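Asker: Please read through the structure below; I'll follow up with questions.
The values are calculated or read from the model by the stated rules, or taken from the named source; none is laboratory data. Here the structure is a predicted model, which is why all the values come from computation and not from measurement. Don't worry about glycine lacking a Cβ; one is built from the backbone with ideal geometry, like all the others, and counts go over all protein chains shown. Surface accessibility is based on the protein's heavy atoms, side chains included, excluding ligands, DNA and RNA. Shrake-Rupley method; radii C 1.70, N 1.55, O 1.52, S 1.80 Å.
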Amino acid sequence: MSNDPKNGNANAAPANPAARGPAGTQPAAPQPAPSNFLRGIIEHDLAAGKHANRTDQNGNPLPPVVTRFPPEPNGYLHIGHAKSICLNFGLARDFNGRCTMRFDDTNPTREEQEYVDTILDSVKWLGFDWTDAGGEHLYFASDYFDQMYAMAEYLITAGHAYVDSQSADDMARNRGNFGEPGKNSPFRDRPVAESLNLFHRMKAGEFKDGEHILRAKIDMASPNMNMRDPAIYRIRHAHHHRTGDKWCVYPMYDFAHPIEDAIEHVTHSICTLEFQDHRPFYDWVLEHLAEGGFFKKPLPHQYEFARLNLTYAITSKRKLLQLVEESIVDGWDDPRMPTIVGIRRRGYTPEAIQLFAERIGVTKTDSWIDMSTLEGALRDDLDEKAPRAIAVLRPLKLIIDNFPEGETVECSAPVHPHHPERGNRTFPISKELWIEQEDFMEVPSKGYFRLFPGNKVRLRYGYVVECVGADKDADGNIIAVHCTYFPDSKSGTEGSANYKVKGNIHWVSVPHALEAEVRLYDRLFTDAHPDAGGKDFKQALNPHSKEVITAYLEQGLSSAQPDEKFQFERHGYFVADRVDSKAGRPVFNRAVTLKDSWGK
């Protein structure tokens, strides 16, 4: 969002809040980043000069800290990926290093250009990029397929890999389990020349998928299942979104990952905890390829941190796809989805996501982060930024009986109550107004200070009025409330001090209000852990996660631009929908309420 020009003249301020543009303010001075174990590791490595004085293949100096963000382009990124983005790019930024943007596109059956495009857009939206003084650092695993194939050939010739011709069932059976060692494949001692020949024929397309596989020769009795001769290349006759039909053999992720890191000169390869047991193979691959002269030491090192587990959400790609395909949600960018495109459309800001990532920190222990922490970060970010506006979501007509017919009076309110330099907004008051239904009770409950017959309230930014009665339809439903106003009680005038009332209600003028579609979004699930323990997550769907209403808004909101955010006084923070808003006809999404109602 761009920052708005400052306007110190309240009388010259634009009448409508949308004319002020997105509610940007100058960012606060950078604060020291909170410490965590990864920062401690990097600081130690820098002090020791572990990765100092390195150069790339062209002799260009390399930064002493290089991280990477390596998604597979097989789906839309979600809030858990956002944490990883903030961590990897943030560490590189804070230590004057580099973070490469890399796509692990080693599985052609699941990957599409659509996902590449949305991932790049999401990273940029979060405020990061992959350029530095050395240029752009956007890479794909497929960039290295020729190199990876040559490295696999080396491992075969060095006796560290072999082509296995067992069936998938036999391989699984012979792998053993945590209490039983595996059994060597009958093809494990296949002659090097024979394995090499078969590997070449695999590449040439002579075999069907699954007919042969290339495995590392390590230890079938290892207590770490990932070291029991893991697969490093498989046959897959599928069209690749970048290399087309050039290849029909593809490297496994665990083989490709360390090679990519080494080629890109990564110093600190940061993964989530589920990859901790994969680290020994990561090191095995790099050590053996370094022995073959492919890489120089020091080699990249993998570090693990706890992934984000967020309550009232699911992040499984399979389950998110199910929500989309079964039309439970309105697509990947549905504002109830935890995808980055979804939370962006909901009204979240990059700054709020970064603040959230900072607050939850980085640990080695899995834990649950409550959704309220994410919502709180958005409130804290938008409280300072968002211009204020009035919206009536559940309208009830209020008629001021003694207000002159056909006349209007301009009322004024601050653009932002804590930033007077941003000026004022103006809007008219007239004889007929929209107020919230809950602001009138024919028979008031104890402690109710809003409208009821005989009671006085202040129309916020306007006059004091006294309720004199209400109209009902044939079924006894209240359809309009009547009041009288006191002309000398207008807010901002000397006479206003003569009126002491306890109630203060919001309103918009009926003939001037903007009628708009407003979507009230809430959490998608009612269960804090909707898919834990094998539960059917669809049983926990919140039937009230989306409500579409017709609301009446302050007239200036008619020029709100897509993605522009506001605080609707009393109701919460809202954003003009980036997809469905049209010129002069914005549609608003509720990003978050003013207070956490789920904690009660």
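Asker: Determine the sum of side-chain charges near Lys502: Lys and Arg each +1, Asp and Glu each -1, restricted to other residues whose C-beta is under 11 angstrom from that of Lys502.
Answerer: On the way: positive: Arg450, Lys456, Arg458, Lys500; negative: none.
Once positives and negatives cancel, what remains is +4.
Asker: Let me ask another. Summarise the accessible area of the stretch 145-270 (1.4 Å probe, protein heavy atoms) by the percent that is carbon and sulfur.
Answerer: Reported share for carbon and sulfur atoms: 51 percent.
Asker: I'd like the FRET efficiency for Lys296 and Arg585, computed as 1/(1 + (r/R0)^6) with the beta carbon distance as r and R0 of 51 Å, rounded to 0.05. Could you put the intermediate results ahead of the total?
Answerer: On the way: r = 61 Å, r/R0 = 1.20.
For Lys296 and Arg585, the calculated efficiency is 0.25.
Asker: Another one. Using θ = phi - 60° and the Karplus relation 6.51 cos²θ - 1.76 cosθ + 1.60, list the HN-Hα couplings for the stretch 500-506 in order, rounded to whole Hz, with x at every Gly or Pro.
Answerer: 10, 10, 8, x, 9, 10, 8
Asker: Below 8 Å, C-alpha to C-alpha, sequence gap of six or more: please give me the relative contact order for the chain in percent.
Answerer: Details: 1173 pairs, mean separation 85.4, N = 600.
Averaging sequence separation for qualifying contacts and normalising by length gives 14 percent for the chain.
Asker: Quantify, in whole percent, the carbon and sulfur part of the accessible surface of the stretch 339-452 (1.4 Å probe; protein heavy atoms only). Present the calculation step by step, with values, prior to reporting the outcome.
Answerer: Details: 2370 of 4680 Å².
The value for the stretch 339-452 is 51 percent carbon and sulfur by accessible area.
Asker: Largest first, what is the accessible-area ranking of His137, His512 with a 1.4 Å probe? Before the final figure, lay out the partial values.
Answerer: Numbers: His137 10, His512 65 Å².
Greatest to least solvent exposure: His512, His137.
Asker: Next question. Note the full-extension length gain between Glu194 and His529 as 0.36 nm times their separation in residues minus their Cα-Cα distance, in nm to one decimal. Before the final figure, lay out the partial values.
Answerer: On the way: separation 335, 0.36 × 335 = 120.60 nm, distance 5.18 nm.
Full-extension gain reported as 115.4 nm.
Asker: Next question, about the same structure. Could you report the chain's accessible area per residue, 1.4 Å probe, as an integer in Å²?
Answerer: Numbers: 26360 Å² over 600 residues.
Counting only protein heavy atoms, the per-residue value for the chain is 44 Å².
Asker: Suppose each label sits 7 Å from its Cα in the direction of the beta carbon; what would the His418-Trp368 distance come out to in nanometres?
Answerer: Rounded to a tenth, the inter-label distance reads 3.1 nm.
Asker: Please list, ordered by chain and number, the residues whose modelled amide H lies under 5 Å from the amide H of Leu310; skip anything fewer than 5 residues away on the same chain.
Answerer: Result for Leu310 returns Ile369.
Asker: Output ³J(HN,Hα) for the stretch 571-587: one whole-Hz value per residue in order, computed from phi by the Karplus curve 6.51 cos²θ - 1.76 cosθ + 1.60 with θ = phi - 60°, and x for Gly and Pro.
Answerer: 9, x, 9, 10, 10, 6, 4, 6, 9, 9, 5, 10, 4, x, 9, x, 10
Asker: Do any of Lys246/Lys297; Lys124/Lys364; Lys397/Lys538; Lys297/Lys364; Lys431/Lys595; Lys83/Lys595 go past 30 Å between their Cα atoms, and which? Before the final figure, lay out each step's value.
Answerer: Numbers: Lys246/Lys297 32 Å; Lys124/Lys364 27 Å; Lys397/Lys538 40 Å; Lys297/Lys364 27 Å; Lys431/Lys595 33 Å; Lys83/Lys595 24 Å.
In this structure, Lys246/Lys297; Lys397/Lys538; Lys431/Lys595 lie more than 30 Å apart at Cα.
Asker: Taking the Cβ of Arg458 as the center, what net charge do the other residues with Cβ under 12 Å away carry, scoring Lys and Arg +1 and Asp and Glu -1?
Answerer: Details: positive: Arg450, Lys456, Arg460, Lys490, Lys500, Lys502; negative: Asp439, Glu466.
For residues surrounding Arg458, the net value is +4.
Asker: Next question, about the same structure. Pick the calculated Cα extents along the principal axes in Å for this structure from [x] 75, 58, 57; [y] 102, 54, 40; [z] 119, 60, 55?
Answerer: Of the labelled values, this structure produces [y].
Asker: Testing the spin-label approximation: label points 7 Å from Cα along Cα→Cβ at Asn177 and Ile478. State their distance in nm.
Answerer: 6.7 nm
Asker: Okay, next question. With every protein chain in place, what's the accessible area of Tyr312 (1.4 Å probe, Å², nearest 10)?
Answerer: 40 Å²
Asker: Rounded to a whole number, what % of the accessible area of the stretch 533-600 do carbon and sulfur atoms account for, probe 1.4 Å? Provide the component values of the computation, followed by the final result.
Answerer: Values: 1550 of 3230 Å².
Reported share for carbon and sulfur atoms: 48 percent.
Asker: While we're on this one: Give a residue-ordered list of calculated ³J(HN,Hα) values for the stretch 553-562 (Karplus: 6.51 cos²θ - 1.76 cosθ + 1.60, θ = phi - 60°; whole Hz; x for Gly, Pro).
Answerer: 10, 3, 4, x, 6, 5, 9, 4, 9, x
Asker: As a check on your grasp of the helix formula, calculate [θ] at 222 nm for the chain: sum -39500 (n - 2.57) over DSSP H runs of n ≥ 4, divide by the residue count, round to the nearest 500.
Answerer: Working: 12 runs with 140 residues, N = 600.
Per the formula, -7000 deg cm²/dmol.
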